[in-house]
Amino acid sequence: MTARGRPALAIFFALTLSWVGGAMVRPALAQTPSKASPGAPIIVKDLAVQGNRRVQDAVILGRVSAKVGGPFVPARLAEDIRSVFSLGFFDDVQAKVEDFEGGVKLTFVVSERPFVRDISFGGNKRLDAATLQEKIDFKLGAVYNPVEITRAAEKLKEAYEEEGYFEVGVTPEVVRLPDGDVSVTFRVAEGRKMTIDKIVIEGAQGLKPEKIKDIMLTQEREFYILRGTVQRQKLDQDTERIVTFYNDNGYVQARVETADTQVDRATARVTIRIVVAEGPQFKVGGIDITGNKVLPVEELRRRVLLKPDDIYSRTKLQETLRGISDVYGTIGRTAADIVPQIVLDVPNRKVNITIEVGEGPEVFIERINISGNTRSQEKILRRELPMAEGDLFTMHKLARAKQKLINLNYFEKVETKTTPGSSKDKVIVNIEVTEKPTGLFSIGGGYSSQDGALGTLDLSQNNFLGRGYQLFLRLRGGTQTQQGTIGFTDPWFLDRPLAAGFDIFNNRRVFQDYSVNSLGGDVRFGAPIGDYARWNAVYRISQEKLSGVDPNASTELLQAEGTSVTSLIGGSLSRDTRDSLADPTRGNYSLFGVDFAGIGTGDNRFVRITATTTQHQPLWFDHVLSGRLMAGYQLGWYKDPVPFFERYYLGGPNTIRSFKSRQISPEDSSGTGIGGNVQVLGNIEYSVPLPFGIRAALFFDAGNVYGPDQSIHTPVDLTNLKYAAGPGLRWNSPFGPIRVDYGVNPNPKSGEKFGNIQFSMGSAF
């Protein structure tokens, strides 16, 4: 073969491969290259692109294997054409090869698809344009593709049908603009919203149709007045719910044969007809557990929720498997494989269950990956984790790690996941956080039933410098109270799990019979004891000035007027298993504390003992039952009484809600409330969720204050209590939990009101 014929033959094969390699790709255009030496490769002297307006040359040429200065390989030309076409920007791609400077010039000739310059909707009334845009994947600036336009129209139709508009029609209109791009308008003919006339369940024998309707998302009536609407997505979910409902009642062979919607277009009414095939009802036969060696079978059987002769329930079996898996997770065998083997004894209508346990090895943490912390230093997250690389991995540790990171209140979201490690006995823990603003600056006002109208200034940073430091400045001003406090806390002082901080305060509080000014500061320390407990210690020194006492007040109150110094040291032990500090729904908080005042030059001398326990218990459907018990006792020493401003008073939004703040108190001979040295308090609250993040609550409070001198004032008598009962609303607002309660006094005494309304922020207890 001549030297001139060899490149010509190569180009012929390239053209053939291009035609075979891909549809929509036209044969390459070529000119005969110049002569080359026998056996010498053909060199690509130049690469070019023609026909592109928006797509840059570099993007196109980056997809091809040919390079300037490299050999021209005809066999790769078809693949290069396909690679350029796969970008999705072109209707047509050609390759042109021509003689150039002793080699070849390779030019890719493209025909760009138009871009979508505008997307609009017409005729839509029930769903706005923004909602419709979210329903489709087709976005402004996308490359025009008729297939994508048709698919978008179908999704819009589905969106309307999900809302009950079964007559809807969606027609796309495409208009070419002068520059070659297109504008797309989706014309919507909504039609009428179809409402459910009735739901018919056919084939139901063992379970009543009414029971099946109760578990369905689709309902014949909503709010007992309005007709329900047909939504296809709910109907699909209802099919699964019906099968699950049957399986949980022993009908393991049940199935939904058809679920049809019959539309009466004359009345815009729909009849939903569901046909079920039940099969026989099965009970539990034998339940065996095999394969366990590390844990005794008795320990595993305690997690089995099904017993012989019980009606078989698929959900209870799944919960049983989860419970057994959790038991193994607590001993570090998270790779345990719990598999049920189910054998149907059809003649006797029994389900025989064998739970096969593959215990697997103990699993250790190979690596902990933390991501998403853009401001927070990684070490302030790692120091909170109750686990480290090389530790035995348990699901309890993983759940505790997530909860501790949530309690930092630095993050919008905390996600914990595990992936297999380099071997079966290793696991990789991945923690992903989404940070939220931890600083606060606010100037505003508010009102609470305890303090009245308030002006507020708050400046705080809970993650100062990304190191977890807590810094705050808080100012409050109103007719009843003026407060100014600045504080700082390092939760890991000297890189140890020791919280250290201080507060400086200047407060004034106006009561009905006197006013108290308090100026001072404190130093605080605290450290954890195990996972949930911690100790705290505080030293406080302050100067209190009691003033504004009426000249006709009691001798005791007149004698207390003036300035005194309190030098107090206090300590406490607490245990906290709550799932949230701001809005708890489960867990317990208990505290026992002792304060001793009279250290050094302090004028006020007293001892105080406090004990409290709070329990939150989740119930069904996100209902929560909460309760608190609290008691306190204090006593003056060295013949000094407990000062008025340190004594116990009850009433207000956080204690007994049928009384105003500090209204429950022993009184002197003049009728002035002088506080007590013994208090008891009990609260119980039941809350249920409502729409828009609101919860409704019912509560009952009981308690009283006794003393200060039992021989003269109120003796301790637990049958002599004050009560409150009533409804409340809870809203977890962006500014924190807000509460509104109305407490009714079921047995008002002379001078006591029937009830009081209470406004406050934060958790009740």
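Would it be correct to say that Val104 is touching a residue at least 40 places away in the same chain (Cβ under 8 Å), part of a strand (DSSP E or B) and β-branched (Val, Ile, Thr)? If you could, list the steps in order and put the result at the bottom.
On the way: touching a residue at least 40 places away in the same chain (Cβ under 8 Å): yes; part of a strand (DSSP E or B): yes; β-branched (Val, Ile, Thr): yes.
For Val104, the condition - touching a residue at least 40 places away in the same chain (Cβ under 8 Å), part of a strand (DSSP E or B) and β-branched (Val, Ile, Thr) - is met.
Out of Leu398, Leu381, which single residue is crowded, with 17+ Cβ neighbours inside 10 Å, at pLDDT 90 or above and in contact with a helix residue (DSSP H, G or I) (Cβ under 7 Å, 6 or more places away or on another chain)?
Numbers: Leu398 fails: in contact with a helix residue (DSSP H, G or I) (Cβ under 7 Å, 6 or more places away or on another chain).
Leu381 is the lone residue from the list that is crowded, with 17+ Cβ neighbours inside 10 Å, at pLDDT 90 or above and in contact with a helix residue (DSSP H, G or I) (Cβ under 7 Å, 6 or more places away or on another chain).
Identify the residue in region 418-446 that is of a type outside the set (A, V, I, L, M), part of a strand (DSSP E or B) and at pLDDT 85 or above and, among all such residues, is farthest from Phe364 (Cα to Cα).
Taking region 418-446 and keeping what is of a type outside the set (A, V, I, L, M), we get 418-426, 430, 432, 434-439, 441-442, 444-446.
Now drop any that are not part of a strand (DSSP E or B), which leaves 418-420, 426, 430, 432, 434-435, 439, 441-442, 444-446.
Pick out the ones that are also at pLDDT 85 or above and you get 418-420, 426, 430, 432, 434-435.
Numbers: Thr418: 12, Thr419: 12, Pro420: 11, Lys426: 5, Asn430: 14, Glu432: 20, Thr434: 27, Glu435: 29 Å.
Across region 418-446, the extreme among qualifying residues is Glu435.
Would it be correct to say that Ile287 is farther than 16 Å from Gly203 by Cβ, modelled with pLDDT of 90 or more and not polar (S, T, N, Q)?
The answer is yes for Ile287.
Yes or no, residue by residue, for (1) more than 22 Å from Thr394 (Cβ to Cβ); (2) outside the structural domain of Met395 (by TED's automatic domain parsing); (3) of a type outside the set (Lys, Arg); (4) not in a loop (DSSP other than H, G, I, E, B):
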position	(1), (2), (3), (4)
Ile289	no, yes, yes, yes
Asp309	yes, yes, yes, no
Lys316	yes, yes, no, yes
Gly323	no, yes, yes, yes
Asp326	no, yes, yes, yes
Gln341	yes, yes, yes, yes
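Taking the residues in region 680-693 that are in a strand (DSSP E or B) and of a type in the set (Gly, Ala, Ser) as candidates, determine which candidate is farthest from Gly751 (Cα to Cα).
Among those residues, the one meeting the criterion is Ser687.
Listed residues Val744, Val716, Val705; which is over 44 Å from the mean Cα position of the chain (by Cα), β-branched (Val, Ile, Thr) and closer than 25 Å to Thr614 by Cβ? So that I can check it myself, show each step before the final result.
On the way: Val744 fails: over 44 Å from the mean Cα position of the chain (by Cα); Val705 fails: over 44 Å from the mean Cα position of the chain (by Cα).
When all the criteria are applied, what remains is Val716.
How about region 328-339: which of its residues are surrounded by 20 or more Cβ atoms within 10 Å (Cβ to Cβ) and outside any loop (DSSP other than H, G, I, E, B)?
Scanning region 328-339 gives Tyr328, Gly329, Ile338.
Residue pairs, Cβ under 8 Å, 6 or more apart or interchain, first in region 149-174 and of a type in the set (Ser, Thr, Tyr), second surrounded by 14 or more Cβ atoms within 10 Å (Cβ to Cβ) and assigned to a helix (DSSP H, G or I). List them.
Thr171/Ala153
How many residues does region 249-271 contain that are closer than 14 Å to Lys193 by Cβ and either in contact with a Leu (Cβ under 8 Å, 6 or more places away or on another chain) or aromatic (Phe, Trp, Tyr) (or both)? Let's see the steps before the verdict.
So the first thing to find is which residues in region 249-271 are closer than 14 Å to Lys193 by Cβ, and the list is 261, 263-265, 267-270.
Among the residues that remain, those that are also either in contact with a Leu (Cβ under 8 Å, 6 or more places away or on another chain) or aromatic (Phe, Trp, Tyr) (or both) are: 261.
Count: 1.
Report yes if some residue within region 6-13 is surrounded by fewer than 16 Cβ atoms within 10 Å (Cβ to Cβ), in a loop (DSSP other than H, G, I, E, B) and at pLDDT below 85; otherwise report no.
no
Would you point out which residue out of Glu161, Glu167, Glu134 is modelled with pLDDT under 85 and assigned to a loop (DSSP other than H, G, I, E, B)?
Numbers: Glu161 fails: assigned to a loop (DSSP other than H, G, I, E, B); Glu134 fails: assigned to a loop (DSSP other than H, G, I, E, B).
None of the others qualify; the one that does is Glu167.
The values are calculated or read from the model by the stated rules, or taken from the named source; none is laboratory data. All values derive from a computational prediction rather than experimental measurement. Every residue, glycine as well, gets a Cβ built from its backbone with ideal geometry; the counts of neighbours run over all protein chains shown.
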